[in-house]
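> This is the structure, below, for whatever I ask next.
The values are calculated or read from the model by the stated rules, or taken from the named source; none is laboratory data. Everything numeric in this text was worked out from a predicted model, so none of it was measured. Here Cβ is always computed from backbone atoms with ideal geometry, including for glycine, and neighbour counts include all displayed protein chains. These area figures cover heavy atoms from the full protein model, side chains too; ligands, DNA and RNA do not enter into them. Shrake-Rupley method; radii C 1.70, N 1.55, O 1.52, S 1.80 Å.
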Amino acid sequence: MVFSEVFERFVAETPACVMYRATMENMFAPAVIDDLFNRTAERQYERELLFSSLVSLVSRVVMRIHPSVHAAYQKSLGEISVSVKALYDKLSHVEPNTSRALVQHSAREAAELVNCSKGTRKPLLEGFPARILDGNHLGKTHHRLKVLQATAAGALPGHSLVLLDPERMIIEDVVCCEDAHAQERTMLADMLPSIARGDLLIDDRNFCTLGFLFAVMDRGAYFITRQHGRMPWTPVTKPRYAGRTETGVVYRQDVELRDPETGRIKRLRRITVKLNKPTRDGDAEIHLLTNLPLRRASATQVAELYRDRWTLETAFQEMTTQLRCELQSLGYPKAALFGFCVAVCCYNVLAALKGALRSTYGEETIQAKVSNYFLTDEITGTYRGMMVALPPAEWRAFQSMSKTELAAQLCEWAGGADLSTYPKHKWAPKKPKQTRPNAQFQHVSTARLLDEERIRKITEMSECRTP
């Protein structure tokens, strides 16, 4: 494609921002998103406010381009003609199934882009597409709703189950629950259709139930799960030494599980890791269950693979600190969950960008040198000015681009990126928090405290010099 001089200037100076906008234009073309809404919405409808406009507005809040939904609304008065009350009403009625479908759409589109750019990461276990499952509870919201104004307790708008593809670093699926006090296990049945034959599911003990494990095996999939303390099992062999990992000594044994409904029996491996250092809960050892064949994954490999579940925790942290996945002003559960799902979509767009960077510079270079913080900081700081210089009409050509064409264009732009502008810094060990005494006064003067400290140091130095 031939771009204008101004466009090329932004490509040269802020390629990540241009890549983000072009990818958003392609993945969330208004006609496609509105069609998705019409296919998935059960009770909601579109009149003056299109669903695509809602997604576009909330995505700018999630990416910290605007500080709040209301601020984004004020900047979109030419695009959105309804009142702000109608906007919030629309947000509070977005159905969870529609939010989930939006995430699934973004995952398919981003995965195709990563595949076309050949920017996938090294698989966790060759021949077994890995998926990492975990839950995410949204933080407390403001007490804006009338029902919340009489309580001082934190208002929790809901939680979700999230499925991550670590090979592409894309969140494939989200199951939303409006009741923040409901158990995560109640949503497991809704997540099963996203687990395909041959997949390797890695999850924590919250999801270690007989019903779920047998359902995963019935789908022809594999799992590595931490054994729940109440999980019934029958030993077949005695524990045997299997080696050592970075975290401890590994033992393995064969066990059997019995399906209480059908009476079926499945033989699994039980991996025990006696830890060098206890967990935060004080556990000196952990037990893992897996149906992976021994010839494809040893006990020590299984123990190391289980540690990769923290990849999803890292994704949650990035969405919280670098994006804005918890919009505290949205108290209604449907609105808060929709905001979280839009944040997941933006995270998937960034995953497509990083796929293009990996294809150009290699996985090890991107992993070691590129910081997501500075990548998103460039987008946040440049986007509003870029959209003034390059209005929406100049981006519409990207809507009709094939994924092959767009992936090639992203890789070309990635080749001109200066990676030193996205530096990744190594984290030093955290210092223990210093306990502060209770305040004796309501306020203190920082300048006076600094002066007192300076005088104290001068006095100490003069005393040291005195013979």
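> Could you identify the single residue in E184, E178 that is in contact with a helix residue (DSSP H, G or I) (Cβ under 7 Å, 6 or more places away or on another chain), open to solvent by 60 Å² or more (accessible area, probe 1.4 Å) and touching a residue at least 24 places away in the same chain (Cβ under 8 Å)?
Details: E184 fails: open to solvent by 60 Å² or more (accessible area, probe 1.4 Å).
That would be E178, the only listed residue that is in contact with a helix residue (DSSP H, G or I) (Cβ under 7 Å, 6 or more places away or on another chain), open to solvent by 60 Å² or more (accessible area, probe 1.4 Å) and touching a residue at least 24 places away in the same chain (Cβ under 8 Å).
> What number of residues within the stretch 306-335 satisfy the criterion of being more than 19 Å from H137 (Cβ to Cβ), open to solvent by 10 Å² or more (accessible area, probe 1.4 Å) and either assigned to a helix (DSSP H, G or I) or touching a Pro at 6+ places or on another chain (Cβ under 6 Å) (or both)?
Residues meeting the conditions: 1.
> Output yes when any residue across the stretch 197-214 is farther than 15 Å from T272 by Cα, surrounded by fewer than 16 Cβ atoms within 10 Å (Cβ to Cβ) and of a type in the set (A, V, I, L, M), and no when none is. Let's see the steps before the verdict.
Let us first name the residues in the stretch 197-214 that are farther than 15 Å from T272 by Cα, namely 197-203, 206-214.
Now drop any that are not surrounded by fewer than 16 Cβ atoms within 10 Å (Cβ to Cβ), which leaves 197-198, 211.
Cutting the leftovers down to of a type in the set (A, V, I, L, M) gives us none.
No; the residues of the stretch 197-214 include none that is farther than 15 Å from T272 by Cα, surrounded by fewer than 16 Cβ atoms within 10 Å (Cβ to Cβ) and of a type in the set (A, V, I, L, M).
> Additional query: So which residues in the stretch 109-159 are β-branched (V, I, T) and either open to solvent by 70 Å² or more (accessible area, probe 1.4 Å) or closer than 24 Å to A182 by Cβ (or both), if there are any at all? Step through it out loud before you land on a result.
Looking only at the stretch 109-159, we keep the residues that are β-branched (V, I, T), and these are 114, 120, 132, 141, 147, 151.
Once the filter is applied, which keeps residues that are β-branched (V, I, T) and either open to solvent by 70 Å² or more (accessible area, probe 1.4 Å) or closer than 24 Å to A182 by Cβ (or both), the stretch 109-159 yields I132, T141, V147, T151.
> Criterion first (in a helix (DSSP H, G or I), surrounded by 16 or more Cβ atoms within 10 Å (Cβ to Cβ) and over 19 Å from the mean Cα position of the chain (by Cα)) does A351 satisfy it?
Values: in a helix (DSSP H, G or I): yes; surrounded by 16 or more Cβ atoms within 10 Å (Cβ to Cβ): yes; over 19 Å from the mean Cα position of the chain (by Cα): no.
Judged against the criteria, A351 is not a match.
> Which of the residues that make up the stretch 258-270 are open to solvent by less than 20 Å² (accessible area, probe 1.4 Å) and modelled with pLDDT under 95? Walk me through it before giving the result.
Applying the first criterion (open to solvent by less than 20 Å² (accessible area, probe 1.4 Å)) to the stretch 258-270 yields 259, 268-269.
Across the stretch 258-270, the qualifying residue is only D259.
> Being open to solvent by 80 Å² or more (accessible area, probe 1.4 Å) and not in a strand (DSSP E or B) is the filter here, so list the residues in the stretch 234-244 that pass it.
Within the stretch 234-244, K238, P239 meet the criteria.
> Evaluate the following for L87: is it open to solvent by less than 40 Å² (accessible area, probe 1.4 Å), assigned to a helix (DSSP H, G or I), in contact (Cβ under 8 Å) with a residue 12 or more places away in the chain and over 22 Å from Q322 (Cα atoms)?
On the way: open to solvent by less than 40 Å² (accessible area, probe 1.4 Å): yes; assigned to a helix (DSSP H, G or I): yes; in contact (Cβ under 8 Å) with a residue 12 or more places away in the chain: yes; over 22 Å from Q322 (Cα atoms): yes.
Here the answer is yes, as L87 does meet what is asked.
> Among the residues of the stretch 271-305, which ones are open to solvent by less than 80 Å² (accessible area, probe 1.4 Å) and among the polar types (S, T, N, Q)?
Passing the criteria: T272, T279, T290, N291, S298, T300.
> If you don't mind, another one. I'm trying to understand the selection: among the residues of the stretch 1-10, which are surrounded by fewer than 18 Cβ atoms within 10 Å (Cβ to Cβ) and in contact with a helix residue (DSSP H, G or I) (Cβ under 8 Å, 6 or more places away or on another chain)? Full working, then the answer.
Keep residues of the stretch 1-10 that are surrounded by fewer than 18 Cβ atoms within 10 Å (Cβ to Cβ), which gives 1-9.
Result: M1, F3, S4, V6, F7.
> Residue check, M231 against (1) under 26 Å from G139 (Cα atoms); (2) at pLDDT below 95; (3) among the aliphatic types (A, V, I, L, M), all met but one. Which one?
(1)
> Now, a different point. All but one of (1) touching a residue at least 60 places away in the same chain (Cβ under 8 Å); (2) open to solvent by less than 30 Å² (accessible area, probe 1.4 Å); (3) touching a Pro at 6+ places or on another chain (Cβ under 9 Å) hold for K403; state the number of the condition that does not hold.
(3)
> I'd like to verify a number: residues in the stretch 30-57 that are of a type in the set (G, A, S) and crowded, with 18+ Cβ neighbours inside 10 Å, how many? It would help to see each step written out before you state the result.
Step one: list which residues in the stretch 30-57 are of a type in the set (G, A, S), which gives 31, 41, 52-53, 56.
Narrowing further to those that are crowded, with 18+ Cβ neighbours inside 10 Å: 52-53, 56.
Residues meeting the conditions: 3.
> What number of residues in the stretch 245-257 are open to solvent by 30 Å² or more (accessible area, probe 1.4 Å) and either modelled with pLDDT under 95 or in a loop (DSSP other than H, G, I, E, B) (or both)?
Residues in the stretch 245-257 being open to solvent by 30 Å² or more (accessible area, probe 1.4 Å) and either modelled with pLDDT under 95 or in a loop (DSSP other than H, G, I, E, B) (or both): 2 in total.
> Moving on. Taking the options R21, R47, R39, name whichever one is charged (D, E, K, R), on the phi < 0 side of the Ramachandran plot, modelled with pLDDT under 95 and part of a helix (DSSP H, G or I).
Numbers: R21 fails: modelled with pLDDT under 95; R47 fails: part of a helix (DSSP H, G or I).
So the residue among R21, R47, R39 that is charged (D, E, K, R), on the phi < 0 side of the Ramachandran plot, modelled with pLDDT under 95 and part of a helix (DSSP H, G or I) is R39.
> Taking Q104 as meeting all but one of (1) of a type outside the set (D, E); (2) touching a Lys or Arg at 6+ places or on another chain (Cβ under 9 Å); (3) open to solvent by 40 Å² or more (accessible area, probe 1.4 Å); (4) under 30 Å from D377 (Cβ atoms), write down the number of the exception.
(2)
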